[in-house]
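Visitor: Here's a structure for you.
The values are calculated or read from the model by the stated rules, or taken from the named source; none is laboratory data. Because the structure is predicted, anything quoted here is derived from the model rather than measured. As a convention, Cβ positions derive from the backbone with ideal geometry for all residues, glycine included, and neighbour counts pool all protein chains shown. With ligands, DNA and RNA removed, areas are computed over all heavy atoms of the protein, side chains included. Shrake-Rupley method; radii C 1.70, N 1.55, O 1.52, S 1.80 Å.
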Amino acid sequence: MRQDLPPHATRRRLLELGVAGFGLAALPGLHARAATAPVAPAAPAAPAAPAPIARRARLRLSGPPAAVSFPLMRLADSRALADVADQVEFALWKSPDQLRAQAIEQSADFVAMPSNVAANLFNRGVPLRLLNVSAWGLLWMVSREPGLRTLADFRGKEVVMPFRGDMPDIVFRLLAARQGLDVGKDIALRYVSSPLDAMQLLVMRRADHALLAEPAVSVALRKSHSFPIDVVAPELYRSVDLQQEWGRVLGRPPRIPQAGITAAKGLLGDAALLARFERAYTEALHWCQADPSACGTMVARHVNMLSADGVADSVRIDKAAVVSAADARAELEFFYRLLLEQQPGLVGGKLPPAAFYA
C-alpha cells in the first residue's frame, strides 16, 4: 500500500527529543545442593526458544524514489511481513526536509535514508538506529557530451545538482575538492529539488550535465532514445561513475556507503522483529535482482515518473548488497571522518557511538 507523506513539521522538534534507555533483565538465581549429596553432572542447557514477535496493527515503511526503497515497496506489496503486522504500508519521502521531519516525529517505523543523515539525526538526539547499508553505487554524471571521464573534465561547465547540501551534493564536493577543483568557480552548480527534476531538465534539453542517482540515470537514458523525447534530447551519455572516482581519488574500494535502513524508537526493544525485518528486506532485494522486469513494473506503480524499463535497467547495473550496520561501520566511519573534515554539521559534529549501529 502506498501513501505520500505530508510535507510538514519543523526542525525545532529535533532538540526536544531524547534517546530512550534500555532496561536489563535480572540474572536467574542459583540453587545450592546439600554438601553431603553427590554431585551429578550438569545436563546440557536447552537452547533458548526464539523470542516471540509482538504482533503489530501496522508497520509504516518509507523511502525516496531510489533503489534503496525498492525492497520496501516489495515488502508492502507482497505482504511478506503479514506474520508480524496486520497492515504494511509504504510511503515516499520527496525531499530531505520531509525526511528529517518524518524522522523527528517518528511517523514511520523503518525509513530508508542517506547514511550521513542517519548519523546526523542520531547525534542530535533523534532515537533511531541504523540497521543496514544496501546502497553502495548509485551516483553517476550524465552528460550530452561524450568522452568526459573524471570530474576534472567538467571544469568550466554547469552541472545540475539535486538535494543541495545532501547526498549527492556532499560526495560531488568532496571528490572535486580532492582533485583541486573549486566548486562554484571551476564548476558551476545549478540546484534542483530532486533527481527526478534534474532528469527532466536533461531530457527536455534544458541542461547539458547533471549528477543523478539511480534509477533516474537509467530512466533518463531510456527516455532520450524514445519518441518523441528523442527529437528534443537526441543523446545522453552515462559519464563519470562517482563510485569509481571515489576509489581512484581516495585509494579505496570503488563503493560508497550511501544509504540504508533505520529503525525508529518504538521498534528498538523488539530484537526479534528487527531480525525478521532484516531477513525480509534482504529477500526482497534478492527478488528485485532475480527479476528486474517485475521489480521495474512494481516501482513504476509507486513512482509515476519512473518507467518500468528504466528501473529494470538500473537494477541490472546496481551493486546493491545488504550489509549490517555493524559490519559496515569501518566504511561508514571513513566516510563520516571525511565529512567531519569538510563540514562537521553533515554528521552532527562527531562520529556516532556504537549504539548507533544496530
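Visitor: For segment 76-91, which positions are in contact with a Leu (Cβ under 7 Å, 6 or more places away or on another chain) and closer than 21 Å to PRO65 by Cβ?
Guide: ALA76, VAL88, GLU89, PHE90, ALA91
Visitor: Also, I was wondering about something else. Check whether at least one residue in segment 228-235 is open to solvent by less than 20 Å² (accessible area, probe 1.4 Å) and either outside any strand (DSSP E or B) or at pLDDT below 90 (or both), and report yes or no.
Guide: Taking every residue of segment 228-235 in turn, at least one turns out to be open to solvent by less than 20 Å² (accessible area, probe 1.4 Å) and either outside any strand (DSSP E or B) or at pLDDT below 90 (or both).
Visitor: Can you find a residue that is out of contact with any Lys or Arg (no Cβ under 8 Å at 6 or more places or on another chain) and more than 29 Å from ARG337 (Cβ to Cβ) anywhere in segment 155-178?
Guide: yes
Visitor: List, please: which pairs have Cβ atoms under 7 Å, are six or more places apart or on different chains, and start with a residue in segment 114-132 that is under 17 Å from LEU274 (Cα atoms) and at pLDDT 95 or above and end with one that is assigned to a helix (DSSP H, G or I) and of a type in the set (A, V, I, L, M, F, W, C)?
Guide: Cβ pairs passing all conditions: LEU128/ALA103; LEU128/ALA118; LEU128/LEU121; LEU128/PHE122; ARG129/PHE356; LEU130/ALA118; LEU130/PHE356; LEU131/LEU274.
Visitor: Applying the selection to segment 155-193, what residues are in contact with an Asp or Glu (Cβ under 6 Å, 6 or more places away or on another chain) and open to solvent by 60 Å² or more (accessible area, probe 1.4 Å)?
Guide: Residues satisfying the conditions are ARG155, ARG190.
Visitor: Let me ask another. So, of the residues in segment 125-157 that are basic (Lys, Arg) and part of a loop (DSSP other than H, G, I, E, B), which turns out to be farthest from VAL183 (Cα to Cα)? Talk me through it step by step, then tell me what you get.
Guide: Within segment 125-157, the subset basic (Lys, Arg) is 129, 144, 149, 155, 157.
Applying the additional criterion that residues be part of a loop (DSSP other than H, G, I, E, B) yields 144, 149, 155, 157.
Details: ARG144: 20, ARG149: 18, ARG155: 9, LYS157: 11 Å.
Applying the filter and picking the extreme gives ARG144.
Visitor: Can you tell which of ARG13, ARG79, ARG33 is over 17 Å from ALA108 (Cα atoms) and modelled with pLDDT under 50?
Guide: ARG33
Visitor: If you check ALA198, ALA220, which single one turns out to be free of Cβ contacts under 8 Å to residues at least 40 places away in the same chain and in a helix (DSSP H, G or I)?
Guide: It is ALA198.
Visitor: Quick check on this structure: which one of ARG222, ARG255 is basic (Lys, Arg) and modelled with pLDDT under 95?
Guide: Within the list ARG222, ARG255, the selection yields ARG222.
Visitor: Under the condition of being out of contact with any strand residue (DSSP E or B) (no Cβ under 7 Å at 6 or more places or on another chain) and among the hydrophobic types (A, V, I, L, M, F, W, C), which residue from segment 183-206 is modelled with the highest pLDDT?
Guide: Applying the filter and picking the extreme gives MET204.
Visitor: Kindly list, by first and then second residue, each pair from a residue in segment 178-195 that is charged (D, E, K, R) to a residue that is assigned to a loop (DSSP other than H, G, I, E, B), limited to pairs with Cβ atoms under 9 Å and residues at least 6 apart or on different chains.
Guide: ASP186/ARG155; ASP186/GLY156; ASP186/GLY180; ARG190/ALA207
Visitor: Can I ask one more? Can you pull out every residue in segment 208-224 that is under 16 Å from GLU245 (Cβ atoms) and among the acidic types (Asp, Glu)?
Guide: Passing the criteria: only GLU214.
Visitor: Does ALA284 fit the bill of being free of Cβ contacts under 8 Å to residues at least 60 places away in the same chain and of a type in the set (A, V, I, L, M, F, W, C)?
Guide: Spelling it out, it is not the case that ALA284 is free of Cβ contacts under 8 Å to residues at least 60 places away in the same chain and of a type in the set (A, V, I, L, M, F, W, C).
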